[in-house]
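Read through the structure below, which is laid out as structure tokens, and then see the notes.
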Amino acid sequence: MWLPDKIFKSVIQHTPLISIDLIVRNEQGEVLLGKRVNAPAKGYWFVPGGRVRKNETLDDAFVRLVREELGIESGITRADAKFLGVFEHFYDDCVYGNEVTTHYIVLAYNIYTNSEISKLKINKQHKDILFKDVQLLSEVNGTHKYVSLYFKEEQM
């Protein structure tokens, strides 16, 4: 259940949000990026993911995000993923505009899929999606700076 906008805006203003980012790789090892429609990071290429809800276990949140963000119903679980670590993201805006900043504590997970890009869901968060080689991420104009942090060791 989502909070009413007024309450959620206050939460964003006063607390960090916990989220899960999905670093999705295809059979060629390329990474899935989506062009974000909403703030924060609006207009940037970013990995799929989303917030953990109150009273939702991390395992349940992971399965929900795989379903909602990727349209994959096949039961990919957190146990199937490789934990990459905890990251912090700081934004000068939020979903309600630029009068409130956003602070995310992000749990990042690597997952692999053999689904073709045409089968992956473009949801209300992304207007376009693509797979890109990690070594070539810098060539994708508009890739958000936080995305590269997930691949720092691979890009060396």
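Looking for something more than 23 Å from Glu139 (Cα to Cα) and within 12 Å of the chain's Cα centre (by Cα) - is there at least one such residue anywhere in segment 29-42?
no
Just one of (1) of a type in the set (A, V, I, L, M, F, W, C); (2) touching a strand residue (DSSP E or B) at 6+ places or on another chain (Cβ under 9 Å); (3) farther than 20 Å from Val134 by Cβ trips up Ala79, so point out which.
Among (1) of a type in the set (A, V, I, L, M, F, W, C); (2) touching a strand residue (DSSP E or B) at 6+ places or on another chain (Cβ under 9 Å); (3) farther than 20 Å from Val134 by Cβ, Ala79 violates only (2).
Somewhere in segment 36-44, is a residue outside any loop (DSSP other than H, G, I, E, B) and either at pLDDT below 90 or among the hydrophobic types (A, V, I, L, M, F, W, C) (or both)?
No, segment 36-44 has no match at all.
Only residues that are of a type in the set (S, T, N, Q) and either at pLDDT 90 or above or at positive phi (or both): list them for segment 99-136, please.
Hits for segment 99-136 are Thr101, Thr102, Asn110.
Tell me whether segment 55-63 contains one or more residues that are over 24 Å from Val147 (Cβ atoms), surrounded by fewer than 14 Cβ atoms within 10 Å (Cβ to Cβ) and either in contact with a Ser or Thr (Cβ under 7 Å, 6 or more places away or on another chain) or modelled with pLDDT under 90 (or both).
Checked against the condition, which is being over 24 Å from Val147 (Cβ atoms), surrounded by fewer than 14 Cβ atoms within 10 Å (Cβ to Cβ) and either in contact with a Ser or Thr (Cβ under 7 Å, 6 or more places away or on another chain) or modelled with pLDDT under 90 (or both), segment 55-63 yields at least one hit.
Within segment 82-109, take every residue that is charged (D, E, K, R) and either in a strand (DSSP E or B) or surrounded by 15 or more Cβ atoms within 10 Å (Cβ to Cβ) (or both) and give me the one that is farthest from the chain's Cα centre (by Cα).
Asp93
Which pairs turn up if I take residues in segment 46-68 that are more than 22 Å from Asp128 (Cβ to Cβ) and look for partners that are assigned to a helix (DSSP H, G or I) with beta carbon separation below 6 Å, at least 6 apart in sequence or on another chain?
Val52/Ala61; Asp59/Arg78; Phe62/Arg78
Run Arg78 past the list (1) at pLDDT 95 or above; (2) within 23 Å of Lys145 (Cα to Cα) and report the number of the one that doesn't hold.
Just one mismatch for Arg78, condition (2).
Might you let me know whether segment 16-24 holds any residue that is surrounded by fewer than 19 Cβ atoms within 10 Å (Cβ to Cβ) and at pLDDT below 95?
Checked against the condition, which is being surrounded by fewer than 19 Cβ atoms within 10 Å (Cβ to Cβ) and at pLDDT below 95, segment 16-24 yields no hits at all.
Can you pull out every residue in segment 46-76 that is closer than 21 Å to Leu17 by Cα, in contact with a strand residue (DSSP E or B) (Cβ under 9 Å, 6 or more places away or on another chain) and not in a helix (DSSP H, G or I)?
Of everything in segment 46-76, those that are closer than 21 Å to Leu17 by Cα, in contact with a strand residue (DSSP E or B) (Cβ under 9 Å, 6 or more places away or on another chain) and not in a helix (DSSP H, G or I) turn out to be Phe46, Val47, Pro48, Gly49, Gly50, Arg51, Val52.
Within segment 64-79, can you find the residues that are of a type in the set (D, E, K, R) and surrounded by 13 or more Cβ atoms within 10 Å (Cβ to Cβ)?
Arg64, Arg67, Glu68, Glu69, Arg78
The values are calculated or read from the model by the stated rules, or taken from the named source; none is laboratory data. Keep in mind the model is a prediction, meaning the values are calculated, not measured. Note: ideal-geometry Cβ built from the backbone for every residue, glycine included; neighbour counts use all protein chains shown.
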